[in-house]
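The values are calculated or read from the model by the stated rules, or taken from the named source; none is laboratory data. What you are looking at is a predicted structure, and each value in this text was computed from that prediction instead of being measured. Ideal geometry is used to build each Cβ from the backbone, glycine not excepted, and the neighbour counts take in all protein chains shown. We work out accessible area using only protein heavy atoms, side chains counted, and drop any ligands, DNA or RNA first. Shrake-Rupley method; radii C 1.70, N 1.55, O 1.52, S 1.80 Å.
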Amino acid sequence: MKIFIDPGHGGDNPGAIAASGLEEATVNLDVALRLGNILTQRGYEVNYSRRTNINVSLAERARLANLWGANYFVSIHCNSATNTSYNGSESFYYRDRTVAQRFAETVNTALVRQTELVDLGVKARNLAVLRLTLMPATLVELAFLSNPREATLLATESFRQNCAIGIANGIIQFTS
C-alpha cells in the first residue's frame with residue numbers, strides 16, 4: 001500500500017504564522033515525517049512531496065503522487081482564522097459520495113480521537129491537491145495556529161506526534 005504524504009506550504013510560502021512566530025510549513029513537515037515513520041514501521045510504502053523546507057507547486061505535488069502511483073494522498077496543514085477563538089480539526093475531500101470522502105471521514109475521526117480536539121467535521125472543497133490527484137485524497141487541518149491554546153500545542157513534539165499517530169490510525173483503519 002502506497003501512501004503519499006504532502007506537507008503543505010514550504011520554502012518562501014510559510015503558510016499561517018502563529019503569534020509566537022511558529023510557521024505552519026514547519027509544523028506540517030514535522031508531522032508529515034512523523035506520520036511517514038509510523039506508516040513505514042507498519043509496512044506501508046511512503047513518499048513525500050517534500051522532505052525539507054522547499055516550495056513545491058500545488059500541481060507538482062499532485063503530479064508527483066500520480067506519477068508514483070500512490071493508493072492514497074494525505075496533505076497536512078494547520079488552520080488559521082481572524083477569530084482567534086476558532087479551534088479544532090477538520091478535513092477536506094474533493095467530491096461527495098466517493099472513496100475520498102470516506103477516507104477523509106475515517107482519518108479525521110481518528111485524528112480527533114487521538115488529539116481530543118473539537119471535531120469540525122469533513123467537507124468537500126475544490127482544492128488543487130485534491131482535484132488533481134488520481135487517488136483518494138484528503139487535506140487535514142490539524143488545529144488552528146491562530147488560536148493561542150492550539151498554537152501552543154502545535155509547538156510541542158508530543159502533540160505533533162499525537163497528530164501523526166491519529167492520522168496513521170485513520171489510514172491503517174481505512175486500508176486494512
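Defining a contact as two alpha carbons under 8 Å apart and six or more residues distant in sequence, what relative contact order in percent does the chain show?
28 percent
Consider the candidate values (1) 62, 54, 29; (2) 41, 38, 26; (3) 39, 32, 32; state which one is Cα extents along the principal axes in Å computed from the structure displayed. Identified label for the calculated read-out: (3). In this structure, the amide hydrogen of ALA143, modeled 1.01 Å from its nitrogen in the peptide plane, lies closer than 5 angstrom to those of ASN79, counting only residues at least 5 positions away or on a different chain. Ignoring ligands, DNA and RNA, please state the percent of accessible area on the chain from carbon and sulfur, probe 1.4 Å. Its accessible area is 49 percent carbon and sulfur atoms. Loop-located chymotrypsin sites (Phe, Trp or Tyr not before Pro) in the stretch 133-176 (DSSP state not H, G, I, E or B) with no more than 11 neighbouring Cβ atoms inside 10 Å do not occur. Counting only protein heavy atoms and a 1.4 Å probe, the chain has 45 square angstrom of accessible area per residue. Taking the Cα atoms only, what angle lies between the long axis of helix 157-175 and the longest principal axis of the chain, rounded to 10 degrees? Once rounded, the angle reads 30 degrees.
Helix 24-41 axis versus longest C-alpha principal axis of the chain: approximately 40°, rounded to the nearest ten. Given the rule -39500 (n - 2.57) for each run of at least 4 DSSP H residues, summed and divided by the residues of the chain, what is its mean residue ellipticity at 222 nm, to the nearest 500 deg cm²/dmol? That comes out to -13500 deg cm²/dmol. When you filter the trypsin sites (Lys or Arg not before Pro) in the stretch 43-130 for DSSP loop state and at most 14 other Cβ atoms inside 10 Å of their Cβ, you are left with ARG51, ARG95, ARG97, ARG125. Note on MET1/GLU157: beta-carbon distance plugged into 1/(1 + (r/R0)^6) with R0 of 25 Å gives a FRET efficiency of 0.40. In this label model, TYR86 and ARG149 are separated by 1.7 nm, measuring between points 7 Å along each Cα→Cβ vector.
Please express the shape of the stretch 48-151 as an equivalent ellipsoid: the semi-axes are the square roots of 5 times the eigenvalues of the C-alpha gyration tensor, given largest first in whole angstrom.
In descending order the semi-axes read 24, 17, 12 Å.
Helix 99-115 axis versus longest C-alpha principal axis of the chain: approximately 40°, rounded to the nearest ten.
Per residue, the Cα convex hull of the stretch 1-83 amounts to 95 Å³.
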